[in-house]
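Report on the following structure.
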Amino acid sequence: MATKKAAGSSKNLTDSNPKYLGVKLYGGEKASSGAIIVRQRGSKILPGTNVSMGKDHTLFATKPGIVTFGSKRKINVDNTVSVKKVVHVK
């Protein structure tokens, strides 16, 4: 006879907190100095004029202005060409 009732353990009950990634200011919107434009994992979108990148790849405005998005041809290490998105503040 068992002295304890059988009980299983479940491993998938915990959940991580949301990270709130994505574009915070869209094209045509006003950005003040230091305003966060994009929160991202990795450099999917590159910084352009008057935009800088933080250590967690967050893009923020360095000067006040209007947010615009564009594209840029980037040559990779293996000589393949990829088109990357770029954000500017003008």
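Read the figures in this text as sums done on the coordinates, not as results from a lab. Bear in mind that the values here come from a model prediction, so they are computed numbers and not experimental data. Because the Cβ atoms are built from the backbone with ideal geometry, glycine has one as well, and the counts that use them run over all protein chains shown.
Can you tell me how much longer the chain between Asp78 and Glu29 gets when fully stretched, taken as 0.36 nm per residue apart minus their C-alpha distance, in nm with one decimal?
Details: separation 49, 0.36 × 49 = 17.64 nm, distance 3.68 nm.
14.0 nm is the gain from fully extending Asp78 to Glu29.
On a full-extension model of 0.36 nm per residue, what is the gain between Lys4 and Thr68, subtracting their alpha-carbon distance, rounded to one decimal in nm?
Details: separation 64, 0.36 × 64 = 23.04 nm, distance 6.54 nm.
Net length gain for the segment: 16.5 nm.
About its Cα centre, how strong a charge dipole does the chain have in debye, to the nearest 20, once Lys and Arg get +1 and Asp and Glu get -1 at the Cβ? Can you show the working numbers first?
On the way: 17 positive and 4 negative charges, 20 e Å.
Computed charge dipole of the chain: roughly 100 debye.
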Inset, instruction - Measure out, as a whole number of angstrom, how far apart the alpha-carbon centroids of segment 28-42 and segment 56-80 sit. - result: 12
Inset, instruction - Excluding residues fewer than 8 places away in the same chain, name every one of the aspartates and glutamates whose C-alpha is closer than 20 Å to that of Lys90. - result: Glu29
Legend entry - Calculated FRET value between Ile36 and Lys85, using beta carbons and R₀ = 22 Å, to 0.05: 0.85
Legend entry - Ranking of Leu21, Leu13, Leu59 by count of other Cβ atoms within 10 Å, fewest first: Leu13, Leu21, Leu59
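Ratio to report: Rg/Rh of the chain, with Cα atoms as the point set and Rh obtained by the Kirkwood method; give two decimals. Please list the in-between numbers first.
Working: Rg = 21.7 Å, Rh = 15.8 Å.
Rg divided by Rh gives 1.37.
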Inset, instruction - Quick one: order Ile75, Ile37, Ile66, Ile45 by neighbouring beta-carbon count within 10 Å, fewest to most. - result: Ile75, Ile66, Ile45, Ile37
